[in-house]
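Notes follow once the structure below has been shown.
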Amino acid sequence: MSQWNVTPHDQAERARETAEARADLEQRAAEQGVKPFTSLEDFAGDPELTADFDVDEFLRMVRETRDTPSNRSMS
């Protein structure tokens, strides 16, 4: 059987596992007082760092980095 053969049962099982993992993660986060970021400033910790943030420039840099060949050995 191919690993890419996804039946409705497989999808339901994966959805159940994902929901359980998410619930566990949310519970552990709540126990530790961890909350999701509500803004870029929360993430950066400094509003000045995000004042001139340009999403398009960031995405361009990410794409450029991905397109740059790695110097790491394949062996």
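Computed over the chain, the alpha-carbon pair-distance distribution with 10 angstrom bins reads 14, 19, 21, 38, 8, 0, each value a whole percent.
Under the simplified labelling scheme, the MET61-ALA12 pair shows an inter-label distance of 4.7 nm, with each label point 7 Å from Cα along Cα→Cβ.
All of the numbers you see were taken from the coordinates with simple rules; none came from a lab. Just so it is clear, the structure is predicted and the values come from calculations on it, not from any experiment. Glycine also receives a Cβ, built like all others from the backbone with ideal geometry; neighbour counts cover every protein chain displayed.
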